[in-house]
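Rule-based calculations on the coordinates, nothing more; no lab input. From a predicted model like this one, the values you see are computed outputs, not experimental measurements. Cβ placement follows ideal geometry from the backbone for every residue including glycine, while neighbour counts extend to all protein chains displayed.
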Amino acid sequence: MNKCLEEGWSDSILVYQIDTNLYDRQVTAIKHNNFGLTLKQNSDLANNMMKEPYVFDLIELTEDYKEKELENKMLERLKNILLELGNGFSFVGNQYKITIDNQDFYIDLLFYHIKLKCYIAVELKVVEFKPEFASKMGFYLTALDEEVKDENDNPSIGIILCQNKSNKIVDYTLKYINKPVGVSEYKIFEQLTKEIQKNSPSNEDINIHLDNIE
């Protein structure tokens, strides 16, 4: 009830949040980040922004999708993605280019968080988390802070979304990263819930019905 008032959810959005188990993913889940060590303020707000895992309604993805296909599908369903990321996210751009010493670097997805008053860089990985992902994100965040943000913005935050991860490897990696970075898994939401699937006719039932019609 409180979240409906706070976020302005419609009935359908409330049902979606219940179906994707938002309470456990956002409130009770252990989140893996270093916000408490790297953010002088708003560390609690930044931590509450994170989910474990993120759930994206992108069922059109092919079975062996690549990072670019994942990014493109997220852009096609941007409204749903912003809903999953949470209140306060504003989309800035994808493959956001930053040029340093005549070399171009590209951030998968860049957002600005209105409540946190900072840029948020999101990197998409279709593999298991590796420590080098955090180092690359640290570079992006330094570049954003030096080249993009102004004096009124808070330090930029990074979110790395992976298919899976070892929590111990993530925690060891983030312990020595001096930029605020969070790591979460992501899942693709199955549009048909288990309850709907259970109540749906099987292929055998459908075939029997077709035979009767014939």
Using Cα springs under 10 Å in a Gaussian network model of the chain, which residue among Val170, Val92, Val181 shows the largest mean-square fluctuation? Val92
Multiplying the sequence separation of Glu69 and Ile114 by 0.36 nm and subtracting their Cα-Cα distance, what value in nm do you get? 13.4 nm
Helix-only CD estimate at 222 nm, as mean residue ellipticity for the chain, using -39500 (n - 2.57) per DSSP H run (n ≥ 4): -11500 deg cm²/dmol
Name the long-range amide H neighbours of Glu185: under 5 Å, sequence gap of 5 or more, or other chain; modelled H, no Pro or chain starts. Tyr54, Cys162
Vicinal HN-Hα couplings computed from phi for region 126-141 (Karplus, 6.51 cos²θ - 1.76 cosθ + 1.60; Hz; Gly/Pro x): 8, 10, 5, 4, 10, x, 5, 4, 5, 5, 5, 5, x, 5, 4, 5
Out of (1) 0.95; (2) 1.05; (3) 0.98, which label holds the value of Rg/Rh (Cα atoms, Kirkwood Rh) that was computed here? (2)
In whole Hz, the Karplus estimates of ³J(HN,Hα) for region 76-88 (6.51, -1.76, 1.60; θ = phi - 60°; x where Gly or Pro) are 5, 10, 4, 4, 5, 5, 5, 4, 5, 5, x, 5, x
So, counting K/R as plus one and D/E as minus one, what does the shell of residues with Cβ under 10 Å around Cys118 add up to? +1
In a Gaussian network model over the chain where Cα atoms closer than 10 Å are linked, find which of Glu69, Glu151, Glu84 has the largest mean-square fluctuation. Glu151
Fluctuation leader among Ile120, Ile159, Ile30 - the chain, Gaussian network, Cα springs under 10 angstrom: Ile30
